[in-house]
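Before any comments, here is the structure.
The values are calculated or read from the model by the stated rules, or taken from the named source; none is laboratory data. Since the structure is predicted, the reported quantities are computational estimates derived from the model, not experimental observations. Cβ sites come from the backbone with ideal geometry, for glycine too, and all protein chains shown count toward neighbours. For the accessible areas, the whole protein counts, side chains as well, though only heavy atoms, and no ligand, DNA or RNA atoms are used. Shrake-Rupley method; radii C 1.70, N 1.55, O 1.52, S 1.80 Å.
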Amino acid sequence: MRTYLDVLRAFRVELMAGLGLLAGCGPSGGESTGSTDPASTSSTGTTTSELTTGATTDDSGEVTGSTESATGTTTTGATTTSGEPGTTTAATTAETTAETTTTGETTGPVGTSTSTTTTSGEPETTSDTDGEFTCEAAPPGMTQQYVCFPVPDGLADCAACDDVCEQSWANSAATGDPFCSYVELVVQCGPDPMPAVPGQCCYFIAHGDGMVCEGRPFMVGGEGRVAPTIRRGDWGGAMQPSLAGLNDATCLALADLWGAAAADEHASVAAFARFALQLLAVGAPAALIDGAQRAMADEIAHARACYALAGAYAGCPMGPGRLDMSEVIGDSDLPALAAAAVREGCVGETLAALVAQVAAIQARDHAVRSALKQIAVDEGRHAQLAWRFVQWALGRSPAVREAVRDAFAAALREPVTARPWPADADPEMLRAHGRLSPDEQITLCRDALAGVVGPAADALLGRAEQAAAA
């Protein structure tokens, strides 16, 4: 059984690896046993601790990875596939090229291993001069892949990488993109005792074809701004949740909750449009501006999915009214922009991504669960974008470092709140249709602030201070 603490820990690994801040972020650094470790004072001036307690969920939730690695891949019908050399965000970089042919032979820098990657159900076997590493066939409809990644910092060896660690790192190694994730991925066997990439952890995995790469608030003058929700049919879609077992009060509550989520996602489109302009104003790298543009498209898709769900529960199409765009450009001063990115992205989107991921795990309606999975992965990538921008900005001036430190400290001190549920709605049906209870949201966000945001902020600021002193 997977707990939501596993989700938080995996997200922390993903975030820290994506920023190149791997030290202490493996299972030994983020694992919780259900008890709270002694609190410590962070560089932001706040008290942080490890994750505490959470509700048990099923094991069908998604975990994304964050480090590129060398892989060898073949798929059904392919005659030759070459794995491109990858890079890692760890302190050491391993480069290799794995070449896979129809004979299933993969050649690494040391020794030889063989693998046949198909979806036909035939056995997969790797062998070396000293022994044999054998794995079962990929499940029907899935592709098998041999992937490698560095031993996560804080772990003695590959064997110390537990199930959550394997899933997170193998997923990122398979996609080759720190901000993408396969919707379906199974770690089948490993680690390979004679890995194709010396010194790395190599596994056989199986994955499906689906890979996807609550939104950023649109803050104006310190206040969140959203468009009103109106009857409108051009922002919805074909998504149709099941209404079986829902009474009128619960349908109304779901329409209201999903309508509010849709308005937030719609406002995020404006937030990222403004962010792209602000990035241009401060001379940010092209990769960050490209990320902001991609995020706008993601948020449009999220808003459409949420409006479709809201309309289905309401019994009529729903969409956004006019969004007030007066005085929205905001400050292009780099310290102020970095502080806003901390509040809206590093904190806000990190929490939103985790809430969506946990909600997807417990959701039972297929349409709702599908929408939440997409939102969770995309919002995780948007959170990474905010962290990467702050990381870049920290190297620009002491004023930025001070503003970022103050912003994290303030965010970690703020009380956590959640929108209340209507008293006459069926709470179990609300959960089944993708809504976490207010208490669940508050507990999850508090644990995420203490176990994910706080440690990542400390590591980021600590690295920036070291670089400034060098």
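Data overview
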item	result
Length released on extending from R232 to C316, taking residue separation times 0.36 nm less the Cα-Cα span	29.4 nm
Cα centre as origin, Lys/Arg/Asp/Glu Cβ charges: the range 261-350 dipole, Debye	200 debye
Cβ-based net charge around G462, under 14 Å, with every Lys or Arg adding one and every Asp or Glu removing one	+1
Fraction of accessible area attributable to carbon and sulfur, the range 317-431 (%, probe 1.4 Å)	52 percent
Global geometry of the range 404-460, whether rounded, prolate or oblate, following the gyration tensor of its Cα atoms and the 1.5 cut on a/c	prolate
Positive-pole candidate from M239, A267, A253, dipole of the range 219-283, charges at beta carbon	A267
Mean Cβ count within 10 Å, highest first, over the residues of peptides 294-306, 411-423	294-306, 411-423
1.4 Å probe accessible area per residue over the range 213-327, in Å²	44 Å²
